[in-house]
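Quick note: the coordinates plus some simple rules give every number you see, no bench work behind them. In this text the structure is predicted, and so the values were computed from the model without any measurement. Cβ coordinates were reconstructed from backbone atoms using ideal geometry, including for glycine residues, and neighbour counts include every protein chain displayed.
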Amino acid sequence: MQQKLDPKARWLFFYNYFTSFLFFVLIIQIWGIPLTYDSGYFETYLFYLFVFVVLFIYGALVLSQLVYRNYSYELVKEGFVVRRGVIVKVISTIPYSRIQNIDLRRGIFERVLGLTSVMVQTAGFSAVATSYSRWSYFAEGYIPGLSQKSAEKLRSLLFKKVKSNRRQGL
């Protein structure tokens, strides 16, 4: 049965999208600040800056909601299945025999929200970025935004599946 993320994961996604683009937005806005004070131009600039920030926050909220709705995981007979993606749908199936390590990660913002991320690392996976927009997550099976209890339960279930699967090997 497909499992969904904790509803608070929406705020985790929002935080990540917001911080990812914040630096870019700040640089663009600093370049746009007028060097001389012209009252008409400056008020217009502040108005457009305000509109841009409001649209940016709204866009990040909408995107985080869409990512949350389209992120799920499932333990099936063949392996661990992760479904994600808004525009490009990705379905990853990780055979239990390839799972090498299962990490639980709790960053500062995740701890504030009471969330935990599960990173399922596999044999033979090259280190590439996930669709979660951060290069620091190098795990083929990345599940962000689970409650700590759900993350620990998933980790123990995966360990059981991995152990039982390895006995069937060559």
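Worth pointing out:
- Over 24 Å between alpha carbons, listed pairs 8/77; 4/77; 77/153; 4/89: 8/77
- Estimated FRET transfer efficiency when R0 is 22 angstrom, pair residue 25-residue 112 (beta carbons, to 0.05): 0.45
- Across region 53-69, coupling constants 3J(HN,Hα) worked out from phi with the 6.51/-1.76/1.60 Karplus curve, θ = phi - 60°, read 5, 4, 5, 4, 5, 4, x, 5, 5, 5, 4, 5, 5, 5, 5, 4, 5 Hz, and Gly and Pro carry x.
- Charge tally in the Cβ shell below 13 Å around residue 141, where Lys, Arg are +1 and Asp, Glu are -1, residue 141 excluded: +3
- The spacing between region 41-86 and region 95-124, judged by their C-alpha centroids, is 22 Å.
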